[in-house]
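Data first, discussion second: the structure below is written as structure tokens.
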Amino acid sequence: MPKTVAILGATGSVGTQALDVVRASGYKLDYIAAGSDVDSAERYAREFSVRFVALADEGCAKVLKERLADTDITVLSGEDGITEGIRLSEAESFVNAITGMAGLAPTLEIIEKKARLCLANKESLVIAGDIVTSRARELGVEILPVDSEHSAIYQSLKAGKPTEVKKIILTASGGPFFSKTAAELSGVTPEDTLRHPTWKMGKKITVDSATLMNKAFEIIEAAHLFGLTEEKIEVVIHRESILHSAVEYVDNSIIGELSVPDMRSCIQYALDYPERKAAKIKPLDLVSLGKMSFFAPDTEAFPALNLAKRVLRAGGASGAVLNAADEVAVAAFLGGKIGFTDIARTVEATLDRLPEAKNMHTKEELYEADRKAREIALAIIQGEQN
Ligand code: MG
């Protein structure tokens, strides 16, 4: 019997690559969820003969229902429809590739269902890392990271015991503005930013990769996934994106995972674990690669990295504040309202103005912190324009 899987966020960049892995592996796809892309949702629902498809946008779900009237596929609607689909699905593994805070409720629902969570939605851990990991532990649910760095760390941790880990080395491509100074970065435009060297991704995450805010999120993700304090996470710039991250053990051995940059690699690992299967991903040719380079990050030009450590030290809802303020600031940058270096500045100022976030812990409080942070970030941005 082939394994049954479900993909949430199926029409996005990670989602379509997950579909590719399912196509190649012969797994059975039982359920897909997406936001509003009716055409793709219809195409994939038919191609994989899924049992359930959900769209977050209710108007789009209505259109999709009409289009699929000739099939016995059940169409679910709205954010509640997405979580209902999780309950109805028979999948053993769920890929959660929904972007943004909308991915949190599905993450929690998958955990309650005690299915394997293949997690690509960073916000689940950035916003609610404590809640997500403690509930997963209580219910014995496996969280398999679908993020190249965290997958590499997960794999590298198989080489020793948790007590033998000295630190993890989180690699970063450095983004399109590697080696630029803080002064040079202030003149960077949205067009400059939307050209990212290695990975093909959506706009928000492309900007986050350029500011290294994406790496900041990954520091927080790693801390929660692997139960590490911020001192045990080191970021190293690695331009070639071949060493996807590594673990340094107490004997100073460094164990890392190397492969060509291809998201399908960590999606497949998450779905197949604990097995490894042949893949369509290109093999890594070390000789033609020739060499790899490593640099220390410039935290003055890219202050987002320090913000991640600050958030981890503060705890509580600080991650929710970081995420919300960044979302508002990135939208303002893309809309031409603020400059590139104002993104991290806005996030930092929002954290400054919400010190009580560290004492907010429940799910309701996290949503409250998110809402307040958006208001404050917007007020900061509007203040700067006047
Ligand atoms: Mg990554």
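The values are calculated or read from the model by the stated rules, or taken from the named source; none is laboratory data. If you're wondering where the values come from, they're calculated on a predicted model, not measured in any experiment. Cβ: placed from backbone, ideal geometry, glycine included. Neighbour counts: every protein chain shown.
Things to note:
- Test: residue in segment 353-368 that is under 17 Å from K309 (Cα atoms), charged (D, E, K, R) and either touching a His at 6+ places or on another chain (Cβ under 8 Å) or surrounded by 15 or more Cβ atoms within 10 Å (Cβ to Cβ) (or both): yes
- For segment 184-205, the count of residues that are under 17 Å from the mean Cα position of the chain (by Cα) and on the phi > 0 side of the Ramachandran plot is zero.
- From the options T83, T74, residue that is touching a helix residue (DSSP H, G or I) at 6+ places or on another chain (Cβ under 8 Å), buried (at least 16 other Cβ atoms within 10 Å of the Cβ), farther than 24 Å from S13 by Cβ and without any contact (Cβ under 8 Å) to a residue 40 or more places away in the chain: T74
- Entirely in segment 257-336, the helices (runs of 4 or more DSSP H) that have 1 or more residues that are loosely packed, with under 14 Cβ neighbours inside 10 Å and not polar (S, T, N, Q): 286-289, 304-314
- Where a residue in segment 327-350 is at positive phi and its partner, wherever it lies, is at pLDDT below 95, with Cβ under 8 Å and at least six apart: G336/P190
- Odd one out for S93, checked against (1) away from the ligand (no atom under 16 Å from the Cβ); (2) over 24 Å from Y27 (Cα atoms); (3) crowded, with 16+ Cβ neighbours inside 10 Å: (2)
Yes or no, residue by residue, for (1) surrounded by fewer than 18 Cβ atoms within 10 Å (Cβ to Cβ); (2) within 30 Å of V141 (Cα to Cα):
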position: G26; (1), (2): yes, yes
position: G59; (1), (2): yes, no
position: R67; (1), (2): yes, no
position: S89; (1), (2): no, yes
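- Taken residue by residue, segment 183-190 has no member that is within 16 Å of the ligand (Cβ to nearest atom), at pLDDT below 95 and among the β-branched types (V, I, T).
- When V38 is tested against the conditions (1) surrounded by 17 or more Cβ atoms within 10 Å (Cβ to Cβ); (2) touching a residue at least 60 places away in the same chain (Cβ under 8 Å); (3) not acidic (D, E), the lone failure is (2).
- Any hit, segment 255-266, residues being on the phi > 0 side of the Ramachandran plot, within 13 Å of the ligand (Cβ to nearest atom), touching a residue at least 40 places away in the same chain (Cβ under 8 Å) and not charged (D, E, K, R): no
- Matching residues in segment 103-146 - criterion: being touching a strand residue (DSSP E or B) at 6+ places or on another chain (Cβ under 8 Å) and of a type in the set (D, E): E142
- Filtered residue count, segment 136-172, keeping only those that are part of a helix (DSSP H, G or I), farther than 17 Å from V126 by Cα and out of contact with any His (no Cβ under 8 Å at 6 or more places or on another chain): 13
- Scanning segment 137-169 for residues that are more than 16 Å from the ligand (Cβ to nearest atom), closer than 17 Å to C118 by Cβ and touching an Asp or Glu at 6+ places or on another chain (Cβ under 8 Å) returns a single hit, L139.
- The number of residues in segment 352-373 being part of a helix (DSSP H, G or I) and either in contact with a helix residue (DSSP H, G or I) (Cβ under 6 Å, 6 or more places away or on another chain) or within 20 Å of A105 (Cβ to Cβ) (or both) comes to 14.
- Meets criteria (aromatic (F, W, Y) and either over 26 Å from V132 (Cα atoms) or at pLDDT below 95 (or both)) for Y27: yes
- Among (1) under 20 Å from A182 (Cβ atoms); (2) part of a loop (DSSP other than H, G, I, E, B) - the single one A344 does not satisfy: (2)
- Test: residue in segment 227-234 that is within 12 Å of the ligand (Cβ to nearest atom) and not hydrophobic (A, V, I, L, M, F, W, C): no
- Residue in segment 205-224 that is away from the ligand (no atom under 14 Å from the Cβ), surrounded by 18 or more Cβ atoms within 10 Å (Cβ to Cβ) and closer than 19 Å to L144 by Cα present: yes
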